[in-house]
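Working notes, beginning with the structure itself.
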Amino acid sequence: MYKNASETTAFFEKFLPLVAASEHADIVICAPFVNIPAAVAATSGSRVEVGAQNLYWAKEGAFTGEISGPMLVGVGCQWAIIGHSERRQYFNETEETVLKRTLAALEYNLHPIVCVGERLEERESGSTEAVLKAQFDGGIAPLTADQFAQITIAYEPVWAIGTGKTATRDMAGDAHRFLRSLVADKYGATAAENIRILYGGSVKPDNVKGLMAQPDIDGALVGGASLDAAGFSKIVNF
């Protein structure tokens, strides 16, 4: 929850020239709802695409304060983050609602970035894999193979979100490898090879190299470090 519309425009004025030659990765900025039109306008003609940080599962109705898939598509949105750890932590997101939001995003041709990850006490008690399996089984596995092929997964250890703590590259690599094994068991080896699993958890310019060296980490879901155009471009351009 950062930046207003004019600050969003100013961000892109700095950011776009810095990533203009970056063709090795897809670049998506997920802006607060009210800044999406400014982000779409600013990125017109560039390779950068725009997403939302959440969406509601109904098309319309008496759901005051919510934003639907068709509303997002109508202002030029192409992606949506679903089940972010902060949504789970502060707004009671569950596997059931993650699945509902994912299905809604797919229905309206938004690309879902579906987040999973464990809390600190779950990591310390050795429950990481059990938590990830429960989140996968409840929020992702009910998708059909065709639906699954359209999503991106993001692994974000909750204890590393906005805390400055980062999972070691081996911790992150192990979690990604486990998630890919769950995909293989449910959807097959080809789906496991093709799915993109992003790491999110205090990704910065000075740790992106080690994280991206892990074979099962396909990209990054960047939080605080994305607010600075110059710093974020270093991550993109790695």
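Values in this text are rule-based calculations from the coordinates and carry no lab data. Remember, predicted model here, so these are calculated numbers, not experimental data. All Cβ positions, glycine included, derive from the backbone under ideal geometry; neighbour counts span all protein chains shown.
Data table
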item: Overall form of the stretch 45-124 per C-alpha gyration tensor (a/c, 1.5; a/b vs b/c); result: oblate
item: Cα centroid of the stretch 171-185 to Cα centroid of the stretch 131-153, whole Å; result: 13
item: Extension reserve of the Ser6-Glu60 stretch, reckoned as 0.36 nm per residue once the Cα distance is removed; result: 16.6 nm
item: Cα gyration tensor, the stretch 95-160 - rounded (a/c under 1.5), prolate or oblate; result: prolate
item: Projected label distance in nm at Ser46 and Ala134, using a 7 Å step from Cα toward the beta-carbon; result: 4.0
item: Selection of trypsin sites (Lys or Arg not before Pro), the stretch 1-81, meeting DSSP coil and at most 12 other Cβ within 10 Å; result: Lys59
item: Where the Cα pairs of the stretch 31-75 fall when distances are cut into 10 Å bins, in %; result: 26, 51, 19, 4
item: Within the stretch 31-100, chymotrypsin sites (Phe, Trp or Tyr not before Pro) in DSSP loop having at most 12 other beta-carbon neighbours inside 10 Å; result: Phe63
item: Burial ordering of Cys115, Cys30, fewest other beta-carbon atoms within 10 Å first; result: Cys30, Cys115
item: Order of His111, His84, His176, His24 under a 10 Å beta carbon neighbour criterion, fewest first; result: His24, His111, His176, His84
item: Lys pairs, the chain - Cα-Cα below 16 angstrom, 8 or more residues apart or on other chains; result: 7
item: Global size of the chain as Cα Rg and Dmax, reported in angstrom; result: 17.0, 48
item: Dipole magnitude of the chain, debye to nearest 20 (Cβ charges: Lys/Arg +1, Asp/Glu -1, about Cα centre); result: 360
item: Relative contact order [Cα under 8 Å, 6+ residues apart], the chain, whole percent; result: 16
item: Distance (nanometres) between label positions extended 7 Å along Cα→Cβ at Gln89 and Phe238; result: 2.1
